[in-house]
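First up is the structure itself, then whatever we jot down about it.
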Amino acid sequence: MFTSTVPSRAGSRRPGPPQASNIPSRHASVAQSPPRTPRIGTTTIPVGSPVSGAQVSRYATPTSTPRQPLRAAHTRISPRGIDVDMDGRSEFSHLSGDGTGSPPTLYVNRPELSVELSSQLPREVQRVLANADFQTEAWSGGIDPETGYGYVVSPSTCFAWNTALTAALYPTCYIFPMPSSVGPSNSNLSPFASLVSYGTAREPGLIVASGSGDVRFWDSIGTGLSGAEHFYSLTLDLSAGEYITGLYRFENLIFVFLTSLGQLFRVTITTSHGKSQLVATPFARSGNNPLARVTSTLFPFLPGSSSAAPGEKAIAAAFGQQKAKQGTDLWVLTEKRVQRWIMSANSWEQLSFECDIRRAVEEEVWRKAAADSNSSQGLQMEFLDIGLRADGQVLILVSYSLAKERRGQEVRTYAIVRLAVQQDIATARAFDVLVYDMTADARPGTTPKMVLMDDASAVMVQFGGAIVVASLAQGTTFRQTLTLKSNQSRTFGCGLSPSEKPENRSTISIIIAGNGLLSFLVNHEKVKDFHADTPTNQLKSTLEQAIFYGSMPENPFLFSLSPRTDGNLDAAACFLSREILKSQSPLMRPVLDTRKQLEERVELLRSLILFINDNGMTGQLSTTGKKTLSSDAEKIVVAYNVWALVNSYPQSLALLVLAIKSYIRSIGELFGEDPTRSFFRNAVDRFEVIFVELFELVKSYASTAQTSHKSILQDVNRIIL
């Protein structure tokens, strides 16, 4: 790191070499003196540069230096001419997650997708997550966009906080005891929670449930500050071995529970004589019979009283559009079929129809699996989640495998099948593969869930250790898979914020253990315009995300290259290296401090070489590619050291300015009002010509009757050495 003292630009003028008017102008081309090709292999990094150390191999793995977070920024020049970095905002950004009001920390920044730290987790949540055993304990969590609260649930405790208070560095945490799951077989059952919204007039309540069916309700989230000892409770009437598989909020005071045997329960919060109470009633398949609810409650063993086929696990549910008089559609996904219920707030529901979709989905999966692997033997398929489009099409998130394993773990492919369902007929309309060959997450409570955006033209799928954002629109192939670096970390639920202006963007918040609350901002216009570019350009995009954002220690995502990666690594790496060298990369933040700007470019080029090396891809670089990367890195390091030197020796700066101006005159280019800084920012790729100009200046001084030849030679030697 540069340690020399940079003198202030303010103050009296210091003496320097003779002015340009005393030097004979030179207009000869410098093309006759080509730059010397740097040696390949090992190089001595100049002392004082950001990359220090003697005889460091270019492609070895030195000790990594943590980079400072890259933040979106704007710049301006102050009236006094001092370099100033002004805080600004990226296209998607808002208040930062550190509560200071500075620009947000970016972890991913593409035209289609931006990921930033929205806020920190409460201290209590950070401590408990740091010591949690996700391998054996079932955890859950989520974000409720309507109330603005987030929550993380362990088998014993529920933690809730207001995520909307981003100005607070560490939000206030409300802590609630969870009902215990009875029996050793229930130790890995996922706990559930949901906020109870009363509108904006008062703070929300909280309802929680253990996997074994014990439900608790607090009418105010504020009771979590004083022990939360007083609550309302009930126990759902479950059969032996039956457990809760889902909790969904229908309306502010009405919730739907799913079970492993296909039962559905309506749990309603009512008030009697000023006191709240919970009322649970099972769904009846014969909902149009006035006696159905009584029959299903008193005699659940009778035919037609169950919500679904006995033993058929209810996996997920989704609410459709609300119909004023007919109620709201509730779609339920089981292990084999989908059910459409018509549900009303007036304590009734009716099964409209159910359809066996497994065969239609299997046919699509088998067709795709056979095309990908030339074999469909050993195919295993699983339903994971359900979603709806405005036109009535049903989207099913599925996973399937061909009995493949990786390091003893099952490898699965994840896809979305789009179905048109009418009564008892299901027809496949589309098949979109999201992720190929992802290792299945065996940790409890990590079943993948999807969030549909922009009327299902795009989707986000939340895995336990990864997040996938993909386009489902025709004509575009946008896919972004973000994998967590640490196996000890995981995601906890997500929440889609209400539509905001402009309407072609969506914001999804996700809790990540060890990091905080992250905001995923999707630009649907850019996603729809995205087309499969050349593999080399896609490879360049991966390199950009890795070196600009992936090298930050706090970035939770892992960027990597695979030996099977398509594209020309030579072309991608060299093109990006040259963009950084010439300050032309759109991801570079504008910084007016020239020393800091040079230092950042040194670190970026260093990160580029290290990233390629750490992924074992150096062998895919040609000799020319290695020379280009080495040459670019050397030029920026030399420029950094020269700038540090001339700021320590002002007389050398004057001589350097003359050399740069002489070169600019010879080529006829415009470099703005401050050509020296412009050259160091935008023309470092031609830095070798400055030494030619310095040599010409020395010759011109020698031909004049000057007495300061010794000091001039000292200044030139300082710059060259």
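How big, in percent, is the set of alpha carbon pairs in the stretch 197-268 lying more than 18 Å apart? Please report the intermediate quantities before stating the final value.
Working: 1072 of 2556 pairs.
That tail contains 42 percent of the Cα-Cα pairs.
Provide the solvent-accessible area of T476, counting protein heavy atoms only and rolling a 1.4 Å probe, rounded to the nearest 10 Å².
My reading of the accessible area for T476 is about 10 Å².
Note the full-extension length gain between Q474 and S352 as 0.36 nm times their separation in residues minus their Cα-Cα distance, in nm to one decimal. Numbers along the way, then the final one.
Details: separation 122, 0.36 × 122 = 43.92 nm, distance 3.13 nm.
Between Q474 and S352, full extension yields an extra 40.8 nm.
Calculate the translational D of the stretch 137-257 in whole µm² s⁻¹ from Stokes-Einstein, where the hydrodynamic radius comes from the Kirkwood formula applied to all Cα pairs, the temperature is 4 °C and the viscosity 1.567 mPa s.
Details: Rh = 14.7 Å.
Once the numbers are plugged in, D ends up at 88 µm²/s.
What FRET efficiency, computed as 1/(1 + (r/R0)^6) with R0 = 35 Å and r the Cβ-Cβ distance, is obtained for N504 and R564, rounded to the nearest 0.05? All intermediate terms of the calculation are to be shown ahead of the outcome.
Values: r = 34 Å, r/R0 = 0.98.
Rounded to the nearest 0.05, the efficiency is 0.55.
How much accessible surface area, in Å² rounded to 10, belongs to the heavy atoms of R285 with a 1.4 Å probe?
Around 60 Å² of this residue is reachable by solvent.
Given a Förster distance of 41 Å, report the FRET efficiency between E335 and Q620 from their Cβ-Cβ distance, rounded to the nearest 0.05. Don't jump to the answer; show the numbers that get you there.
Values: r = 45 Å, r/R0 = 1.10.
With a Förster radius of 41 Å, E is 0.35.
Sort 622-631, 335-344 by packing, meaning the average of other beta carbons within 10 Å per residue, with the highest value first.
Ranked by mean Cβ neighbours within 10 Å, highest first: 335-344, 622-631.
Separation between the Q321 and K699 pseudo-spin-labels, each 7 Å from Cα along Cα→Cβ, expressed in nm?
So the label points at Q321 and K699 sit 8.1 nm apart.
Can you give me the Kirkwood hydrodynamic radius for the stretch 599-669, using every pair of distinct Cα atoms, in Å to one decimal? Provide the component values of the computation, followed by the final result.
On the way: mean 1/r = 0.0694 Å⁻¹.
Evaluated over the stretch 599-669, this radius sits at 14.4 Å.
S226 to A130: extension gain in nm, 0.36 nm per residue of separation minus the Cα-Cα distance?
Values: separation 96, 0.36 × 96 = 34.56 nm, distance 2.41 nm.
Length gained between S226 and A130: 32.2 nm.
Between the stretch 429-479 and the stretch 546-621, what's the alpha-carbon centroid distance in Å?
Centre-to-centre distance over Cα atoms comes out at 27 Å.
Heavy atoms only, probe 1.4 angstrom, no DNA, RNA or ligands counted: give me R681, R505 ranked by accessible area, highest first.
On the way: R681 40, R505 75 Å².
So the residues, ranked largest to smallest area, are R505, R681.
What accessible area, in Å² to the nearest ten, does a 1.4 Å probe give for L472?
10
To the nearest 0.05, how large is the calculated FRET efficiency for A571 and D455 if R₀ is 41 Å and r is the Cβ-Cβ distance?
Efficiency computed from Cβ-Cβ geometry: 0.60.
Taking 29 Å as the cut-off for C-alpha to C-alpha distance, list the pairs among K528/K635; K635/K661; K582/K661; K528/K596 that go past it.
Among K528/K635; K635/K661; K582/K661; K528/K596, the Cα-Cα distance tops 29 Å for K528/K635; K528/K596.
Just grab the label-to-label distance for E382 and T271, each label 7 Å out from Cα along the Cβ direction, in nm (one decimal).
Between E382 and T271, the label points sit 4.4 nm apart.
Would you mind getting the Kirkwood hydrodynamic radius of the stretch 540-623 from its Cα pairs, rounded to one decimal in Å? Write down the numbers at each step before the final one.
On the way: mean 1/r = 0.0745 Å⁻¹.
Mean inverse Cα-Cα distance, inverted, gives 13.4 Å.
Could you rank the peptides 637-647, 355-365 by their average count of other C-beta atoms within 10 Å per residue, with the highest value first?
Working: 637-647: 21.6, 355-365: 17.7.
Packing order, densest peptide first, comes out as 637-647, 355-365.
Given N residues in the stretch 411-482, what is its alpha carbon radius of gyration divided by 2.2 N^0.38 Å?
Numbers: Rg = 13.4 Å, N = 72, 2.2 N^0.38 = 11.2 Å.
Normalised by 2.2 N^0.38 Å, the Cα Rg of the stretch 411-482 equals 1.20.
Residues with beta-carbon under 14 Å from that of T223, excluding T223: net charge, scoring Lys, Arg +1 and Asp, Glu -1?
Values: positive: R202, R216; negative: E203, D219, E229.
Computed value for this residue: -1.
The values are calculated or read from the model by the stated rules, or taken from the named source; none is laboratory data. Just so it is clear, the model here is predicted, and its values are computed rather than measured. With ideal geometry, Cβ positions are generated from the backbone for all residues, glycine too; neighbour counts draw on all protein chains shown. These area figures cover heavy atoms from the full protein model, side chains too; ligands, DNA and RNA do not enter into them. Shrake-Rupley method; radii C 1.70, N 1.55, O 1.52, S 1.80 Å.
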